[in-house]
Ligand code: SF4
């Protein structure tokens, strides 16, 4: 565990190197008008543009008001926020309305974990989750719009959570000087110890995923400071997790792209990976008056112009890779045809299909989560008819031991195998949260169509090479 040196000379403020400063001096910093509406009060008081009136019906608003200041207060769980661009999409799309409109159903059952994934266990420093060779950092605690199912709801709603030392405080965001010190110290110890950290056995920290919230709500100069600080600390690959292509594609304008180009000329050794988040093709495809997607004369389907322009510009740059990853959520994308169209169109436009996720056990998850077997069937059905390159996405559910793939669900009994009378589910550990000795190991369980989490299979484990169902799972109510 990282311990801050009491005599640390750590600076409060980021002090760029000369090389970084030369890059930062070239960054332009425009202001953006996303036409954001924050909070239900705006809808209740009709303090919204005329075109948005009626987005919530009077009955819907009243039902939400009735829950205020009760334990089922919907906005206390997740504040309401939407951009004008996303409203334009949502007004003609039921799935997108479900994604962005608050509903009383979210708090009917508040079962769930306040710190999904026991993330704090892997947080040696405020705003950093360190797993594998990857560090995830929270750089901001909001997004341009808020997804109702968000599993970072505790960060975005600024809820207080219990920490390992027993104190209670809200999650904070990472600070550049502290994070840089952590990276340098970790990597120094790894190098001195022959490639593994002497206490945690982890390898070099070489990738950082900038997350939040959505880093793209930060101005270009803040993003640029993070990029240069991470590059100077020896990070080889920077991932930026964002849903801004759905919420406000104009954010990927020439000033942002110029900043990326300048960064690449200054630090050509650092790879940039944009981890984007489309849940449904309605977020990027145009529809005709009958609600159907439109065939393009250039092949494929017609995109929303601003989104297409942004993706095209990003895809032109060979130092950026674009990967889509998204959870499967009830009422939003439980639709194999939509998921098939999405995978095909994204790949056609140079966006890789990376992961689909089973929902996490956040507070209120029962309003959102599909069962594990529904999710597997959804992905499997959606990939029928896709080519191998289009169908590259895997279904992931992250156990506290590490990222795990739901590899297969069989419909047939396996003759002679006790517990497999109704078929089996096969999980494979993709990587361990600490080091990697168990990578590739599998666990096989008898089917349970109701299960939304590993705990739903505890009573039907057939084979547990990966150790997903050991005693230790029981003491961990929620896993990441
Ligand atoms: S974009 Fe991501 S972090 Fe932001 S509200 Fe949606 S799911 Fe949460």
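Here are the numbers for the structure shown:
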| item | result |
| --- | --- |
| Count - residues of the range 408-437 that are crowded, with 17+ Cβ neighbours inside 10 Å and within 16 Å of residue 132 (Cα to Cα) | 8 |
| Residue 282 out of contact with any strand residue (DSSP E or B) (no Cβ under 8 Å at 6 or more places or on another chain), touching a residue at least 60 places away in the same chain (Cβ under 8 Å) and under 23 Å from residue 98 (Cα atoms) | yes |
| Hits in the range 224-244 - residues which are within 16 Å of the ligand (Cβ to nearest atom) and touching a helix residue (DSSP H, G or I) at 6+ places or on another chain (Cβ under 6 Å) | 240, 242, 244 |
| Qualifying residue in the range 155-171 (condition: at pLDDT 85 or above, closer than 21 Å to residue 239 by Cβ and not in a helix (DSSP H, G or I)) | no |
| Residues of the range 418-469 that turn out to be part of a loop (DSSP other than H, G, I, E, B) and either at pLDDT below 90 or under 20 Å from residue 355 (Cβ atoms) (or both), as a count | 14 |
| Condition check for residue 144: in contact with a strand residue (DSSP E or B) (Cβ under 9 Å, 6 or more places away or on another chain), within 30 Å of residue 74 (Cα to Cα) and at pLDDT below 85 | no |
| Which numbered condition residue 149 misses (of (1) within 16 Å of the ligand (Cβ to nearest atom); (2) at pLDDT below 90; (3) within 24 Å of residue 73 (Cα to Cα)) | (2) |
| Tally, over the range 66-80, of residues that are within 14 Å of residue 144 (Cα to Cα) and surrounded by fewer than 23 Cβ atoms within 10 Å (Cβ to Cβ) | 2 |
| Filtered residues of the range 323-356 (kept if away from the ligand (no atom under 16 Å from the Cβ) and either part of a loop (DSSP other than H, G, I, E, B) or within 15 Å of the chain's Cα centre (by Cα) (or both)) | 334, 335, 349, 350, 351, 353 |
| Of the criteria (1) closer than 28 Å to residue 303 by Cα; (2) crowded, with 20+ Cβ neighbours inside 10 Å; (3) within 19 Å of the chain's Cα centre (by Cα), which one residue 382 fails | (3) |
| Subset of the range 385-394 [surrounded by fewer than 20 Cβ atoms within 10 Å (Cβ to Cβ) and closer than 21 Å to residue 330 by Cβ] | 394 |
| Filter pass, residue 336 being in contact (Cβ under 8 Å) with a residue 12 or more places away in the chain, closer than 19 Å to residue 449 by Cα and out of contact with any strand residue (DSSP E or B) (no Cβ under 9 Å at 6 or more places or on another chain) | yes |
| Count of residues meeting criterion [in a helix (DSSP H, G or I) and under 26 Å from residue 263 (Cα atoms)] in the range 15-61 | 7 |
| Residue within the range 79-86 that is away from the ligand (no atom under 16 Å from the Cβ) and in contact (Cβ under 8 Å) with a residue 60 or more places away in the chain present | no |
| Residues being in contact with a helix residue (DSSP H, G or I) (Cβ under 6 Å, 6 or more places away or on another chain), away from the ligand (no atom under 16 Å from the Cβ) and under 13 Å from residue 259 (Cβ atoms) - total across the range 204-222 | 1 |
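Residue by residue, here is whether (1) in contact with a helix residue (DSSP H, G or I) (Cβ under 8 Å, 6 or more places away or on another chain); (2) within 24 Å of residue 399 (Cβ to Cβ) holds:
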| residue | (1), (2) |
| --- | --- |
| 337 | yes, no |
| 344 | no, no |
| 354 | no, yes |
| 370 | yes, yes |
| 374 | no, yes |
| 378 | yes, yes |
| 388 | no, no |
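Quick grid of which residues meet (1) within 23 Å of residue 246 (Cβ to Cβ); (2) surrounded by 11 or more Cβ atoms within 10 Å (Cβ to Cβ):
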| position | (1), (2) |
| --- | --- |
| 27 | no, yes |
| 31 | yes, no |
| 35 | yes, yes |
| 39 | yes, yes |
| 43 | yes, yes |
| 54 | yes, yes |
| 58 | no, no |
| 62 | no, yes |
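The values are calculated or read from the model by the stated rules, or taken from the named source; none is laboratory data. Since we're looking at a predicted model, the values are computed, not measured. When we count neighbours, we look across all protein chains shown, and the Cβ atoms used for this are built from the backbone with ideal geometry, even at glycine.
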